[in-house]
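These notes are about the structure you will find just below.
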Amino acid sequence: GVRVATMTVHAAVGSTLLLGSSFFRFDYVTAAGQKKMPSAYQPDNPLIVQGDHTVLVEVDSPHYVAARDALARFAELVKSPEHIHTYRVTPLSIWNACAAGSTPEEIAATLRRFSKYEVPPHVLQEVHDYSSRYGRLCLDRTPQGLVLRARDHPLAEEICRNKHVGPL
């Protein structure tokens with residue numbers, strides 16, 4: 001099982017963190033010492049999106065099945081103990097999602113829809129950045145052999161200047 005410990009942080013922001021086998025919840029506290037929940041707090045939602053691109057999924061949530069099915073399109077399952085499953089959003093998982101027809105807007109909307117807390121803005125930005133890489137290079141088979149095509153001229157120049165690719 002998961003041991004839960006509560007810590008109070010006297011700050012305007014808070015987060016959730018998984019350390020080893022202990023699950024820590026940082027409470028939001030006003031300057032006057034009153035406990036408050038962040039504006040984006042959705043207690044029934046199952047996802048906790050962390051800044052390192054891991055996504056914790058609470059199995060006991062009423063929205064678990066829908067969130068799991070949506071998350072599986074763009075995140076890799078890392079581990080699945082009994083109560084909290086861990087997924088990771090990676091450049092490859094985003095690339096695979098784009099190849100299957102997902103857009104960065106759909107991925108961001110899924111994270112926001114099922115997240116218990118606000119999704120870290122840099123995670124959403126990196127989802128957009130990762131997805132923008134999809135399709136920039138294409139390897140085509142032609143009668144003359146394989147041809148590497150670049151979507152834009154600066155990228156084509158960068159590839160040509162690469163010491164491993166240029167001589168080919």
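The values are calculated or read from the model by the stated rules, or taken from the named source; none is laboratory data. What you see is a predicted model, and the numbers here were worked out from it, not measured in a lab. As a convention, Cβ positions derive from the backbone with ideal geometry for all residues, glycine included, and neighbour counts pool all protein chains shown. Only protein heavy atoms, including side chains, enter the accessible area calculation; ligands, DNA and RNA are left aside. Shrake-Rupley method; radii C 1.70, N 1.55, O 1.52, S 1.80 Å.
For the reader, a short list of remarks on this structure follows.
- Ordered from highest to lowest accessible area with the whole protein assembly present and a 1.4 Å probe, Lys116, Lys163 read as Lys163, Lys116.
- Shape analysis of region 53-168 places it in the prolate category; the axes a ≥ b ≥ c from the Cα gyration tensor give an a/c of at least 1.5, with a/b above b/c.
- Direction-averaged projected area, Cα convex hull, region 51-119: 4.4 nm², rounded to one decimal.
- Per-residue accessible area (protein heavy atoms, 1.4 Å probe) orders Thr86, Thr103 as Thr103, Thr86, starting from the largest.
- Electrostatic dipole magnitude of region 83-168 [Cβ: Lys, Arg +1; Asp, Glu -1; Cα centre; debye, to 20]: 200
- The order of the peptides 74-84, 149-159, 44-54 by mean Cβ neighbours within 10 Å, most packed first, is 44-54, 74-84, 149-159.
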